[in-house]
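Coordinate-derived values only; no laboratory data. As the structure is a prediction and not an experimental result, all values here were calculated from the model. Cβ: placed from backbone, ideal geometry, glycine included. Neighbour counts: every protein chain shown.
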Amino acid sequence: MDFIEVNDSITPQSPNNMATASLVMGIIACVTCCCLGGFLFGGLGIIYAILSHTERELRGQALAGIILSVIAMLLSLMGLIFIFAVQGGGS
Amino acid sequence: MKRTRAQLKTQARQALEGNYGVVIGTMLVLSVIILVFCVLLYMMIVYTNFSGGLESSSIGMALIWYVLYWSVVSLFGIGILRVIYQICMAGTADFGDLFYAFRSHPMRFLGVFALLVLIRLLANIPGFTISVIGKIMGGNGGILLEYGSVPVNLVMQFFVSLQYTLAPLVLIDHPDYGIMESLRSSKELMKGNRWRYVVLILSFIGVLLLGYLTLGIGLLWLFPYYQCTVLFFYLDRKEEYGPPEPAPVPETNFWS
């Protein structure tokens, strides 16, 4: 009878709420970046990702949260610059 | 053991993991309490003004109200620190810790805060002197000196009060300590570590700016993180040097 080899080195990670919150905030930031929500939710996403960093390495969820948040903040910034440029050109 | 900034911050994040709700909840309750207190204070001031009985001493009354407000806010501030201290040391805290300063010799805490205010006021002397010289000189140079006295004041206040910055934590950690003992202990702990503390504080600027970008919502999580890191800095210093033992109280026989 064959037994499945169990790799002891792989231990299940305990859920990290902050990392999950970071990912969720990153997604919301990306969705709302057109209406400057990127700053609000993106900022929260980055903060949660930083606070979730309690182990040696950053969780995948937190990393994804940071990337999405930064992208959303950049998009919001570009939107803001575009609005100011249009207003400046019109006046 | 001298821990690095990263180690102190990791310790703080680990201690706060799963406990943010307690701290944030306590902070929100405190905000409501202070709001209610301010409204009551405002109503009392308005009432006393309308009744006209205290017109002659309105400045004195304003000072009393201000001291009352300052005392309550300071004592609740210690309560928040106590909540964070309990989370970091015992892993849990309860709502009653918010009132810790009120039931644990409140005059000790108020005394330390009053002395810190006095020290900051004294630190203004060089800036005030520069400002007076500017006023006497007049002209563009004088105006420059007057405006220049403001940053001088801020920098002096910061650096003079820096060595006593751990005094409230010493008082929370040692309920048997008095005002002067806590200040002395803080000075001892900060000796040779002021720059390390300044760098630790400055390392929070980035996340604090991010917190302001979120309309202050992120600060609800960042404030406990910051305070917890400072607490671990204090514990690190204490572990290395150990605060000086309080001066022994001479045993006096009352009847002899």
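A few remarks follow.
- Counting only other chain Cβ atoms within 10 Å of each residue's Cβ, the peptide A:45-53 averages 6.
- In sequence order, the stretch B:2-7 has phi-based couplings of 7, 8, 7, 4, 4, 5 Hz under the Karplus curve 6.51 cos²θ - 1.76 cosθ + 1.60, θ = phi - 60°, and Gly or Pro positions carry x.
- Net lengthening on full extension, B:Thr92/B:Gln7 (0.36 nm per residue, minus Cα-Cα): 28.5 nm
- Gyration tensor (alpha-carbon) shape descriptor, the protein assembly as shown, a/c threshold 1.5: oblate
- For the protein assembly as shown: lysine pairs under 21 Å (alpha-carbon distance), excluding those fewer than 8 apart on one chain: 6
- The stretch B:106-177, relative contact order in percent, only Cα pairs under 8 angstrom and at least six apart counted: 36 percent
- Hz values of 3J(HN,Hα) by residue in the stretch A:21-31 - Karplus curve (6.51, -1.76, 1.60), Gly and Pro given as x: 4, 4, 4, 4, 5, x, 5, 4, 4, 5, 5
- Mean separation of Cα contacts under 8 Å, 6 or more apart, over the residue count of the stretch A:18-90: relative contact order %: 41 percent
- Selected from B:Arg108, B:Arg237, B:Arg194 as most flexible by GNM, with chain B as the system and alpha-carbon contacts under 10 Å: B:Arg194
- Backbone HN-Hα couplings from phi across the stretch B:157-169 [Karplus 6.51/-1.76/1.60, Hz, Gly and Pro as x]: 4, 4, 6, 6, 7, 4, 6, 9, 5, 8, 4, x, 5
- For B:13-25, mean number of other protein chain Cβ atoms within 10 Å: 2
- Within 10 Å of the Cβ of each residue in A:32-42, the mean number of Cβ atoms contributed by other protein chains is 1.
- Residue of B:Ala114, B:Ala15, B:Ala167 that the Gaussian network model of chain B assigns the largest fluctuation, springs spanning Cα pairs under 10 Å: B:Ala114
- Estimated dipole of the protein assembly as shown in Debye, rounded to 20 [Cβ of Lys and Arg +1, of Asp and Glu -1, Cα centre]: 880 debye
- Computed [θ] at 222 nm, helices only, for chain B once each DSSP H run of length n ≥ 4 contributes -39500 (n - 2.57): -25500 deg cm²/dmol
- Scoring B:38-48, B:202-212, A:29-39 by mean Cβ neighbours within 10 Å over their residues and listing the highest first yields A:29-39, B:202-212, B:38-48.
- Global geometry of the stretch B:94-228, whether rounded, prolate or oblate, following the gyration tensor of its Cα atoms and the 1.5 cut on a/c: oblate
- Rounded, prolate or oblate (a/c below 1.5 giving rounded, otherwise prolate when a/b exceeds b/c) for chain B by Cα gyration tensor: rounded
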